[in-house]
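Working notes for the structure below.
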Amino acid sequence: VILKTSEEIELIRESAQLVAKTHAEVAKVIAPGVTTQKLNDIAEEFIRDNGAIPAFLNYNGFPYSLCISLNDQVVHGFPGKYELQEGDIVSVDCGVIKNKFFGDSAYTFAIGEISDEARKLLKVTQECLDKAIEKAVVGNRIGDIAFAVQDHAEKNGFGVVRELVGHGVGHRLHEKPEVPNYGRRGSGMKLEEGMVLAIEPMINAGKAGVKFWDDGWTVSTVDKKVSAHFEHTVAIRKGKADILSTFSYIEEVLK
Ligand code: MG
Ligand code: MG
């Protein structure tokens, strides 16, 4: 695990804040009739205009700047010709590299009126992230974060994806340690000052099972029920985590 200095954490914050502002650019245009390719292109241009590089583009061959995952897709979906429709939920995952440091954050958008089940899923998944971040402090363990997500999701009758996990982030997009969304309290690696983690609950309205598409990337639910994904980049501190990304720019646009 690579611990970061305060100076490095400020650079990661700069990248994570740019991710947050990129999400807000997406929020400004996301609506029925808009293609997911358009969202990708707006994000890529905004990232480059701000002196940064889209971190996902060409990462292990990923061909786009955003992961856009619709409805029953969990993560790693491809932008394309699909026109958004009222009732869709759309997970948008974005990463940037600026000053050689990575930020990573994801948000699931509702397109117009969505089903009661989808609305509850978005609320609970965001609560899972909040509860996980409350546990992301010096002296706790990875398992405390993991348990917080799993416990809240399952109490609400939802399925917790096992095959994909959060991660350390900073010098690279994916660093150690892995941060699962399921596990036992008090288990796993101890959290230390200077750790920077991408905490990212991926929660399914139905069962936990996922399938991997033969495009090599897209992951969707086995039971075809909807899935949500919220992610923040977080620095571990004593007492309270320092959230380096934010949803406040998105919320400003959506209110
Ligand atoms: Mg991400
Ligand atoms: Mg991530």
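The values are calculated or read from the model by the stated rules, or taken from the named source; none is laboratory data. Predicted, not measured: the structure shown is a model, and the values here were computed from it. Cβ: placed from backbone, ideal geometry, glycine included. Neighbour counts: every protein chain shown. Accessible surface areas use protein heavy atoms only, side chains included; no ligands, DNA or RNA. Shrake-Rupley method; radii C 1.70, N 1.55, O 1.52, S 1.80 Å.
Some notes on this structure:
- Qualifying positions in the stretch 37-72 - touching a Cys at 6+ places or on another chain (Cβ under 9 Å) and assigned to a strand (DSSP E or B): P54, L66, C67
- Elements of type strands (runs of 3 or more DSSP E) in the stretch 158-252, at least 1 residues being farther than 25 Å from I53 by Cα and among the charged types (D, E, K, R): 210-212
- Of all residues in the stretch 72-115, those being at positive phi and either crowded, with 21+ Cβ neighbours inside 10 Å or within 16 Å of ligand 1 (Cβ to nearest atom) (or both) number 1.
- Remark: pairs (first residue in the stretch 9-36, in a loop (DSSP other than H, G, I, E, B); second residue aromatic (F, W, Y); Cβ separation under 8 Å; 6+ apart in sequence or on different chains) = I30/F109.
- Taking the numbered list (1) at negative phi; (2) within 16 Å of ligand 2 (Cβ to nearest atom); (3) buried (at least 18 other Cβ atoms within 10 Å of the Cβ) in turn, R172 passes all entries but (3).
- Enumeration of residues in the stretch 139-169 that are open to solvent by 50 Å² or more (accessible area, probe 1.4 Å) and closer than 20 Å to F102 by Cβ: none
- Taking each residue of the stretch 78-95 that is of a type in the set (A, V, I, L, M, F, W, C) and in a strand (DSSP E or B) and looking for partners that are more than 16 Å from ligand 1 (Cβ to nearest atom) and open to solvent by less than 10 Å² (accessible area, probe 1.4 Å) with beta-carbon atoms closer than 7 Å, six or more apart or interchain, yields I89/A118; V90/L84; V90/I111.
- Selection within the stretch 69-99 - within 15 Å of ligand 2 (Cβ to nearest atom), out of contact with any Phe, Trp or Tyr (no Cβ under 7 Å at 6 or more places or on another chain) and farther than 15 Å from H174 by Cα: S69, V74, V75, G77, S91
- Among the residues of the stretch 223-241, those that are open to solvent by less than 10 Å² (accessible area, probe 1.4 Å) and of a type outside the set (G, A, S) comprise H229, F230, E231, T233, V234, I236.
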